[in-house]
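Below you'll find the structure, written out as C-alpha coordinates, and then a few comments.
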Amino acid sequence: MSWRRLRVLIQHLPSESATWTALRNDLSEDELAEQAEQGEPEKAAWSQMEQLTAALVDAVRRVEYVLVLANSDSNGKKPDPPEPIKRPGAKPRRPKPKLDEVGADFLFKMINEGAA
(Lines give C-alpha, C1' and ligand atoms only; values in the text may rest on other atoms or scores of the structure.)
Protein backbone atom coordinates (compact mmCIF):
# COMPACT_ATOMS: atom_id res chain seq x y z
CA MET A 1 0.00 0.00 0.00
CA SER A 2 1.33 3.41 -0.90
CA TRP A 3 1.55 6.39 1.48
CA ARG A 4 -0.95 8.23 -0.68
CA ARG A 5 -3.46 5.39 -0.41
CA LEU A 6 -3.04 5.30 3.37
CA ARG A 7 -3.60 9.08 3.57
CA VAL A 8 -6.76 8.84 1.44
CA LEU A 9 -8.11 6.00 3.60
CA ILE A 10 -7.49 7.98 6.81
CA GLN A 11 -9.01 11.16 5.39
CA HIS A 12 -12.23 9.35 4.48
CA LEU A 13 -12.76 7.71 7.87
CA PRO A 14 -15.81 8.93 9.77
CA SER A 15 -15.09 11.78 12.16
CA GLU A 16 -16.13 9.54 15.09
CA SER A 17 -13.44 6.95 14.30
CA ALA A 18 -10.69 6.14 16.78
CA THR A 19 -8.05 7.42 14.34
CA TRP A 20 -9.64 10.88 13.96
CA THR A 21 -10.26 11.02 17.71
CA ALA A 22 -6.60 10.29 18.41
CA LEU A 23 -5.49 12.89 15.85
CA ARG A 24 -7.85 15.49 17.37
CA ASN A 25 -6.63 14.76 20.87
CA ASP A 26 -3.07 15.55 19.77
CA LEU A 27 -4.00 19.01 18.45
CA SER A 28 -3.12 22.05 20.53
CA GLU A 29 -5.66 24.78 21.36
CA ASP A 30 -4.20 27.01 18.63
CA GLU A 31 -4.46 24.24 16.04
CA LEU A 32 -8.06 23.54 17.08
CA ALA A 33 -8.93 27.23 16.70
CA GLU A 34 -7.28 27.29 13.27
CA GLN A 35 -9.26 24.22 12.17
CA ALA A 36 -12.50 25.87 13.36
CA GLU A 37 -11.72 29.02 11.35
CA GLN A 38 -10.90 27.00 8.22
CA GLY A 39 -14.24 25.23 8.46
CA GLU A 40 -13.07 21.62 8.72
CA PRO A 41 -15.61 20.10 11.12
CA GLU A 42 -14.14 16.62 10.77
CA LYS A 43 -11.04 17.90 12.56
CA ALA A 44 -13.00 19.63 15.31
CA ALA A 45 -13.17 18.30 18.81
CA TRP A 46 -16.78 17.13 18.37
CA SER A 47 -18.17 14.65 15.91
CA GLN A 48 -20.79 15.64 13.39
CA MET A 49 -23.47 13.94 15.51
CA GLU A 50 -22.51 16.03 18.53
CA GLN A 51 -22.57 19.21 16.42
CA LEU A 52 -26.04 18.35 15.11
CA THR A 53 -27.28 17.57 18.62
CA ALA A 54 -25.99 20.92 19.89
CA ALA A 55 -27.70 22.70 16.97
CA LEU A 56 -30.95 20.89 17.80
CA VAL A 57 -30.75 21.87 21.47
CA ASP A 58 -30.10 25.49 20.48
CA ALA A 59 -33.14 25.46 18.18
CA VAL A 60 -35.40 24.00 20.89
CA ARG A 61 -34.18 26.63 23.37
CA ARG A 62 -34.97 29.41 20.87
CA VAL A 63 -38.47 28.01 20.25
CA GLU A 64 -39.06 27.80 24.00
CA TYR A 65 -37.88 31.40 24.39
CA VAL A 66 -40.25 32.65 21.68
CA LEU A 67 -43.10 30.65 23.23
CA VAL A 68 -42.47 32.25 26.64
CA LEU A 69 -42.35 35.73 25.07
CA ALA A 70 -45.56 35.14 23.13
CA ASN A 71 -47.46 33.95 26.22
CA SER A 72 -46.15 36.40 28.80
CA ASP A 73 -47.47 39.77 29.88
CA SER A 74 -46.08 42.54 27.70
CA ASN A 75 -45.50 44.77 30.76
CA GLY A 76 -43.55 42.15 32.70
CA LYS A 77 -39.82 41.52 32.66
CA LYS A 78 -38.75 39.57 29.61
CA PRO A 79 -36.32 36.67 30.01
CA ASP A 80 -32.88 36.84 28.48
CA PRO A 81 -32.50 35.02 25.15
CA PRO A 82 -30.89 31.59 25.47
CA GLU A 83 -27.14 31.23 25.09
CA PRO A 84 -26.07 28.71 22.44
CA ILE A 85 -24.14 25.66 23.58
CA LYS A 86 -20.43 26.37 23.45
CA ARG A 87 -18.71 24.46 20.68
CA PRO A 88 -15.06 23.47 20.96
CA GLY A 89 -12.75 25.42 18.72
CA ALA A 90 -15.35 28.14 18.19
CA LYS A 91 -14.93 31.59 19.64
CA PRO A 92 -17.74 32.84 21.88
CA ARG A 93 -20.14 35.31 20.32
CA ARG A 94 -19.49 38.95 21.06
CA PRO A 95 -22.25 40.54 23.10
CA LYS A 96 -24.40 43.05 21.29
CA PRO A 97 -23.44 46.62 22.13
CA LYS A 98 -25.78 48.40 24.54
CA LEU A 99 -27.14 51.83 23.74
CA ASP A 100 -25.72 54.20 26.35
CA GLU A 101 -26.56 57.86 27.00
CA VAL A 102 -23.96 59.23 24.54
CA GLY A 103 -25.08 56.88 21.78
CA ALA A 104 -28.74 57.71 22.40
CA ASP A 105 -28.03 61.46 22.17
CA PHE A 106 -26.07 60.98 18.96
CA LEU A 107 -28.85 58.87 17.44
CA PHE A 108 -31.47 61.43 18.49
CA LYS A 109 -29.51 64.25 16.85
CA MET A 110 -28.98 62.27 13.65
CA ILE A 111 -32.69 61.46 13.36
CA ASN A 112 -33.92 64.98 14.11
CA GLU A 113 -31.33 66.86 12.06
CA GLY A 114 -31.63 64.44 9.16
CA ALA A 115 -35.38 65.05 8.96
CA ALA A 116 -35.01 68.84 8.80
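The values are calculated or read from the model by the stated rules, or taken from the named source; none is laboratory data. Predicted, not measured: the structure shown is a model, and the values here were computed from it. Ideal geometry is used to build each Cβ from the backbone, glycine not excepted, and the neighbour counts take in all protein chains shown. When the accessible area is computed, the model is the full protein with side chains, heavy atoms only, and any ligands, DNA or RNA have been set aside. Shrake-Rupley method; radii C 1.70, N 1.55, O 1.52, S 1.80 Å.
The set of residues from the range 1-30 being open to solvent by less than 80 Å² (accessible area, probe 1.4 Å), more than 16 Å from SER47 (Cα to Cα) and within 26 Å of the chain's Cα centre (by Cα) comprises just one member, SER28. Can you name the residue in the range 83-116 that is within 29 Å of GLU31 (Cα to Cα) and at pLDDT 85 or above and, of all such residues, is surrounded by the most Cβ atoms within 10 Å (Cβ to Cβ)? Residue satisfying both the conditions and the ranking: PRO84.
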